[in-house]
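K.L.:
Just passing along the structure, written as C-alpha cells.
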Amino acid sequence: MSDRPLKLLLIDQDPIFRLGLRVALEEMPNLQVVAEVETDTAALQILAEANQDPNLINLVVLELGGRSIDSQLQGLQLCRLLKTSYPNLPILLVSSVQNPEILAAARVAGVNGYIPKGTPVSQLIAVIAEVATGGFHWIVNTNPPQVPISPPPQMPLFRLWHNLRLSGINYINDSLTKVTVQLQTPGLPILDKAVLAGQRRELLAARWLLNNLLSSPQQRQQQQFTSVEQLPVISAPSNAIVPIDAEQQLTLLPEINPSVLQLDLFSSCINKLQFPLENVTDVPLEIDILREVKKRDLLYLILQKLAKQLDDLRASEMTIEQLEGFKNTILFDLWQSTVTDFFGKFSQVQIGRQNIEIVNVLLQNPRVIQTEILNKIPFVLELLSYLLFQTDLDIDNNAYLANSYDAKSQALMILENLMIQVGNGVLQPLLNYLADVEKIKKNFYTRKLISTREIERFRNNLSWKYRLNNYVNEAKAIFESRYELFVLAPRGIAKISIYAPRNEELAKLSGVPLFVTLVLEFWDAIAPRLQSLLSFLGSGIVFVLTQVIGRGLGLIGRGILQGIGSVSFQDKNFKRNSERPK
C-alpha cells in the first residue's frame, strides 16, 4: 500500500456493523473512511458530489443486501449503477449473502471482490488493499469446489479490451431483459411474438460470441466451471435476472422489482441534481432564496426522506387500494421530517432577548402549507403506485409500461416537481416568520437576497404569485386541462406543461376563477370573428392608404416635380437667350 491513505465509502444497513468496521479500519494509518451510509440514495449522493475529485473515494465497501430477495436485487442494481457511472471505482462486497446465483450476478455486474462477513480484520484489510489497487478477489463458500478467478488483465490495452467486452455484455443483457419481458405480455400478437423471439435468439447468440470468442483462455475456463446454464445476469432497466437458457422461464428470481426501479429512478434524479439549480422560469420559487449548495442539500434530503418513507410503506405491506387514503399523510410527514432535519431539531435563534427554537416556529401552522402547496402537487398517487407496485403510468394522454424508458422519464419529471414543491413548502414558513433573522441569512441565503429590501421584494413577489395562481393561473390551467411541473434541466430549474383531464375540478370552480374561465371561453368564441374583422378592416385601411391616398399623393408629387423641372428648364432657356449678343 502506498503512503497515500486509501479513502473508503462504507454502505451497510446495519449501524452497529458500520460503526465496528469503521473503528477497526481507522486503526490503520493508511486507511481512511470518508463516509459510512445506510441507504443507497445517500451513497449515490456522496459519490455524485465526489465525482469532481476522483481521489476523494478509492473504494466502495458495501453489503449486498439483507435476507430478502428484494433487498439483494436492490444491492445488485446499486452495483450496476456504480459500475456504469464510475467504471474505474473498485467495489468490494463484505456481505452475509451466500446465495451462489446472487453472487454470480454481482460478479457479472463488475464487482471486483467479495468476502463474507466474519472474516478477520487482518485478512479484510489485505483484501481491501488488493481490490483498491486493481486486483480481483472472490471467496465463495459453496459446496462445489471453487476454481481461482483470475483478475482482469493489468496492461492498459487489455484492461480497455476487458472493459469494452463487459460493457457489450451488459448492453446485450439489458436488451435481452427488455425483449424477454415483452414476450411475457399477455395477449401479444403472434407476429410480434415471432419478431421478439427472433430478437432474443440474436441477442443470445451475440452474448455467446462475446463470452466465448472474445474472452481470454482463463475467462473461458472460469465460464466452463460456472456453467452458462447456472450463471444469471442482471439488467439495468427492470433488474430481472435472466437465465442463459433461452427457452427457460424467468423463475430464478423475480422479473421486476419495485425497489430496484426506485433505485434506478433516484440515481437519475441525483445525477440531475448536479446541474445548476438556478430558477430560469418566470415564476418565483421559495427555494430561490437559498444558496445553491443549500438548495442542493435540501433536495437531497427530501429524496432521502422519500426513500425512507417508501421503505416503511413496503414494510407495512400497504395495498394499492389503501395508498390513496394515505397520500396527504405521506406528503405531510415528508414535509415535517424535512423541516426538522434541514434546520436542525434543536436549532435556536435569538430574537430580542428570547431564544426561539426554529423548528417549533416553522411547524406551528402546517395547514397553510398543506392546502397551498402539498395538496396541489400533481400525480403524487401515480408516482407512489409506480414506485411501490410498479404500475403502468397514464400521463400526458399516453399509457406507459412500467418497465419502459418513457415511463421512467415521466416518473422522473413528477419526482423532480415533487421535490421542488416540497422544498418550497419547507421554506415558506421560514419566509413568513423568520425571514430577516441574521443567523438564518448567514447560514442559508444567497448573497443577492440578504438585504432587508431584497427580502421584502422577494416576499412580495411570492405573495403576488399565490394571488395570481389562486384567481387566474390555476383556473386557466384547469380549463386548459394541464399541469405545470418544475423540472431539473441542464440550464437550471425549468417549467413544462403536461396534459391531464381536470373536468371534475372545472365543475367545482366558483367566484373569480369561474369568471376567468368564462372570460377565456368568451374570448375563444369571439377571437376568430374579431380577428377576421380586424383583418378585413386592416386590409381596407391598407387599400385606402396605398391605392387611394398613396396614389393621389404620388400623382401630386409627380406633378410638382414635373412643374419644378419645367420651370427650371424655362429658366435655363431664358438665361441663355438673355446672354446672346444682340
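Throughout, read-outs are computed from the coordinates displayed, never taken from laboratory work. Since the structure is predicted, the reported quantities are computational estimates derived from the model, not experimental observations. Methodologically, a virtual Cβ is constructed for each residue, glycine included, from the backbone with ideal geometry; neighbour enumeration extends over all protein chains shown.
K.L.:
Using θ = phi - 60° and the Karplus relation 6.51 cos²θ - 1.76 cosθ + 1.60, list the HN-Hα couplings for the stretch 367-379 in order, rounded to whole Hz, with x at every Gly or Pro.
P.N.:
4, 4, 5, 5, 7, 7, 10, 5, 5, 9, 6, x, 6
K.L.:
Could you give the length gained by full extension between ASN271 and GLU521, i.e. 0.36 nm per residue of separation minus their alpha carbon distance, to one decimal place?
P.N.:
85.7 nm is the gain from fully extending ASN271 to GLU521.
K.L.:
A further question follows. Describe numerically, in nm with one decimal, the distance between label points set 7 Å from Cα along Cα→Cβ at SER96 and at GLN364.
P.N.:
4.7
K.L.:
Continuing with this model, one more query. Net charge near LEU62: determine it from the other residues with C-beta under 13 Å of the C-beta of LEU62, scoring Lys and Arg +1 and Asp and Glu -1.
P.N.:
-2
K.L.:
Moving on. If I model a spin label as a point 7 Å beyond the Cα along the Cα-Cβ vector, how far apart are those points for LEU449 and VAL472 in nm?
P.N.:
Result: 2.2 nm between the two label points.
K.L.:
Could you tell me the relative contact order of the stretch 273-504? Use alpha-carbon pairs under 8 Å, at least six residues apart, and round to a whole percent.
P.N.:
30
K.L.:
Please give me, ordered by residue number, the chymotrypsin sites (Phe, Trp or Tyr not before Pro) of the stretch 331-421 that lie in loop per DSSP and have at most 14 other Cβ atoms within 10 Å.
P.N.:
For chymotrypsin sites (Phe, Trp or Tyr not before Pro) across the stretch 331-421 that sit outside H, G, I, E and B with at most 14 neighbouring Cβ atoms in 10 Å, the list reads PHE346.
K.L.:
Which of rounded, prolate or oblate describes the stretch 433-486 when judged by the alpha-carbon gyration tensor and an a/c cut-off of 1.5?
P.N.:
Since a/c reaches 1.5 and a/b is larger than b/c, the shape of the stretch 433-486 is classed as prolate.
K.L.:
Something else about it: Note down the net charge around LYS308, summing +1 for each Lys or Arg and -1 for each Asp or Glu among other residues with Cβ under 12 Å from its Cβ.
P.N.:
Net of charged neighbours comes to -4.
K.L.:
Provide the FRET efficiency to the nearest 0.05 for the GLN32-GLU202 pair, computing r from the beta carbons and using R0 = 51 Å.
P.N.:
0.60
K.L.:
Multiply the residue separation of GLU438 and GLN354 by 0.36 nm, subtract the distance between their alpha-carbon atoms, and state the gained length in nm to one decimal.
P.N.:
28.8 nm
K.L.:
Moving on. Lysines within cross-link reach of LYS508: Cα-Cα under 23 Å, excluding same-chain residues under 8 positions apart?
P.N.:
LYS327, LYS376, LYS465, LYS476
K.L.:
Report ³J(HN,Hα) in whole Hz for each residue of the stretch 293-301, in order, from the Karplus equation J = 6.51 cos²θ - 1.76 cosθ + 1.60 where θ = phi - 60°; Gly and Pro get x.
P.N.:
Once θ is set to phi - 60°, the couplings for the stretch 293-301 become 5, 6, 4, 5, 4, 5, 5, 4, 4 Hz.
K.L.:
Using 0.36 nm per residue of separation minus the Cα-Cα distance, give me the extension gain between VAL548 and ASN55 in nm, one decimal.
P.N.:
Contour length minus the Cα-Cα distance gives 169.4 nm.
K.L.:
May I ask you to list the lysines whose Cα is less than 27 Å away from that of LYS83, ignoring any residue fewer than eight positions away on the same chain?
P.N.:
LYS7, LYS117, LYS178, LYS272, LYS305, LYS308, LYS408
K.L.:
Determine the distance separating the Cα centre of the stretch 64-122 from the Cα centre of the stretch 307-364; give it in Å without decimals.
P.N.:
What the calculation gives is 33 Å, centre to centre.
K.L.:
Computed FRET efficiency, Cβ-Cβ of TYR405 and ASN88, R0 22 Å: what is it to the nearest 0.05?
P.N.:
So the FRET efficiency works out to roughly 0.25.
K.L.:
Checking the a/c ratio against 1.5 first, then a/b against b/c, what shape does the Cα gyration tensor give for the stretch 361-478?
P.N.:
Taking the square roots of the gyration eigenvalues as a ≥ b ≥ c, the stretch 361-478 is prolate.
K.L.:
Still on this model: Along Cα→Cβ, 7 Å out, is where each label goes; now give me the distance between the ones at SER510 and LYS193 in nm to one decimal.
P.N.:
Those two pseudo-labels are separated by 5.6 nm.
K.L.:
Next up: Using the beta-carbon distance between ARG529 and ILE320 and R0 = 35 Å, what value does 1/(1 + (r/R0)^6) give for FRET efficiency, to the nearest 0.05?
P.N.:
The pair ARG529/ILE320 has a calculated efficiency of 0.10.
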